[in-house]
């Protein structure tokens, strides 16, 4: 019995890997079918990113530091925030936004009948390829900032940064997926989902700029500051203690568990669009 379970798990993983590869192929075909829209969205995201950097440049014409953050450290922080946002957007944003449409139109009924995990297909059905292009621009900004700072990070710091980026993207996914699950009761929840997405701009600021309630709220309740500041501090060697890393990982694990519980509870009370 145990041997059968052990052999079935690798087969299951390979099966899901093949399914995900097909989803990628479909996403590529879809994006190439609307090339103008694909390129225009990339340009818009690049301009928006450039405006944020210009904003920071203007601020640092009037001050030398925000808390203990210098100009190029904040530029690196913005690059890290943009990188995490684009990775999240590439894998999860479109899928989370469409959950309410799946419920309203009845498409979720058909997804639940597929011989795959429902959350898997709902969460990863589409891939936004433009997010990877925009993530590359964030990497360029991070690299240039490190050059201006004269501080080359070690391979361990780079690996730690990438690992925490994954954890941060999963936190955003879990929280947005939980908010999107409200659609089971309200039918439409795009406003709530996009409202959460708009809060990503808060993550572009150093945590030293916040005090009191707002710092606590955006660190623990909606961990926007934690998700970006901790990876950036790892890259800059600014962490005062490893406790922040442990907190980020613990919050990530907790958010995923909560989102799964909400999803299962929602499915149990789902009566389908035809009922």
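The values are calculated or read from the model by the stated rules, or taken from the named source; none is laboratory data. Just so you know, these numbers come straight off a predicted model, no measurement behind them. Every residue, glycine among them, receives a Cβ derived from its backbone with ideal geometry; neighbour counts consider all protein chains shown.
At a glance:
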read-out: Among the residues listed as 222, 216, 248, the single one being under 27 Å from residue 181 (Cβ atoms), touching a helix residue (DSSP H, G or I) at 6+ places or on another chain (Cβ under 9 Å), surrounded by fewer than 19 Cβ atoms within 10 Å (Cβ to Cβ) and in the same structural domain as residue 176 (by TED's automatic domain parsing); value: 222
read-out: Selection count where residues are assigned to a helix (DSSP H, G or I) and either crowded, with 18+ Cβ neighbours inside 10 Å or without any contact (Cβ under 8 Å) to a residue 60 or more places away in the chain (or both), scope segment 147-156; value: 3
read-out: Residue satisfying condition, being within 21 Å of the chain's Cα centre (by Cα), loosely packed, with under 15 Cβ neighbours inside 10 Å and within 26 Å of residue 44 (Cα to Cα), within set 140, 135; value: 140
read-out: Residue match in segment 41-60 (condition: more than 21 Å from the chain's Cα centre (by Cα), part of a helix (DSSP H, G or I) and at pLDDT below 85); value: no
read-out: Failed item, numbered, when residue 73 is tested on (1) closer than 28 Å to residue 209 by Cα; (2) not in a helix (DSSP H, G or I); value: (2)
read-out: Boolean, residue 121 is in a helix (DSSP H, G or I), touching a helix residue (DSSP H, G or I) at 6+ places or on another chain (Cβ under 8 Å) and over 30 Å from residue 268 (Cβ atoms); value: no
read-out: Scope segment 218-246; condition over 30 Å from residue 148 (Cα atoms) and touching a residue at least 12 places away in the same chain (Cβ under 8 Å); matching residues; value: 220, 222
read-out: Output for segment 85-105, where each listed residue is more than 18 Å from residue 268 (Cβ to Cβ) and over 17 Å from the mean Cα position of the chain (by Cα); value: 100, 101, 104, 105
read-out: Options 15, 11; residue that is part of a helix (DSSP H, G or I), over 24 Å from the mean Cα position of the chain (by Cα), modelled with pLDDT of 90 or more and not assigned by TED's automatic domain parsing to the domain that holds residue 142; value: 15
read-out: Residue count, segment 173-193 (criterion: in a helix (DSSP H, G or I) and surrounded by 13 or more Cβ atoms within 10 Å (Cβ to Cβ)); value: 13
